[in-house]
Each structure stands twice: as C-alpha cells, then as structure tokens.
Amino acid sequence: MPKPAQRQGASSAERIGSVVIGILFVAIALWLGVMTWPQPSRGEVLVVLVVGSLGIDAILSALQRRRSFLSRIGPLP
C-alpha cells in the first residue's frame, strides 16, 4: 500500500504570512505586558506568555519550514 505524499514545506507566501501573524502576536503580547505592567495578575501574565509563545513559534516555524501551533488548530469558526 503506497504512503500518502508528505508535504515538503510551505510556500513562500505561506511562510511570509506566518511571519506576519507571528510578529502580530508578539506585538500584542508586548502591548498587553505594557498595559498591565505596574501590578499584573497571574492570569494576565499567563495570557502574555501564551500569546507571545504562539507568536514566537509562528516565526520560528516559518524559518524552519514546518507547521506552527496556530496552523494546527484551525480553521476556527
């Protein structure tokens, strides 16, 4: 039984889009961090870390030509 063809990597447009989305998520995380700076709660810190991590993963995934966590959870309604 033949194996299905595996995807070799994302196209240039997909990689550029992934980098742009990653930069957007990192910027949102930085903005959230600045807005909650004086006394952030644990929940706010957790949100900043999760959003920033997703952005960094999207950027690194595009550079390494692999799927990011954000691309694996979609499409969302």
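The values are calculated or read from the model by the stated rules, or taken from the named source; none is laboratory data. A quick note: this is a predicted structure, and the numbers were derived from the prediction, not measured. Here the Cβ positions follow ideal geometry from the backbone for every residue, glycine too, while neighbour counts run over all protein chains shown. Calculation scope for accessible area: heavy atoms of the full protein, side chains included, ligands and nucleic acids excluded. Shrake-Rupley method; radii C 1.70, N 1.55, O 1.52, S 1.80 Å.
What are the residues in the stretch 64-77 that are part of a helix (DSSP H, G or I) and in contact (Cβ under 8 Å) with a residue 24 or more places away in the chain, if any?
Our first condition is that a residue be part of a helix (DSSP H, G or I); within the stretch 64-77, this holds for 64, 69-72.
Within the stretch 64-77, Leu70, Ser71 qualify.
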Top-ranked residue in the stretch 39-77 [being within 30 Å of Ala13 (Cβ to Cβ), hydroxyl-bearing (Ser, Thr, Tyr) and out of contact with any Ser or Thr (no Cβ under 6 Å at 6 or more places or on another chain); ranked as most open to solvent (accessible area, probe 1.4 Å)]: Ser53
The stretch 1-38 - residue that is at pLDDT 90 or above and open to solvent by 100 Å² or more (accessible area, probe 1.4 Å) and, of those, farthest from Ile56 (Cα to Cα): Met35
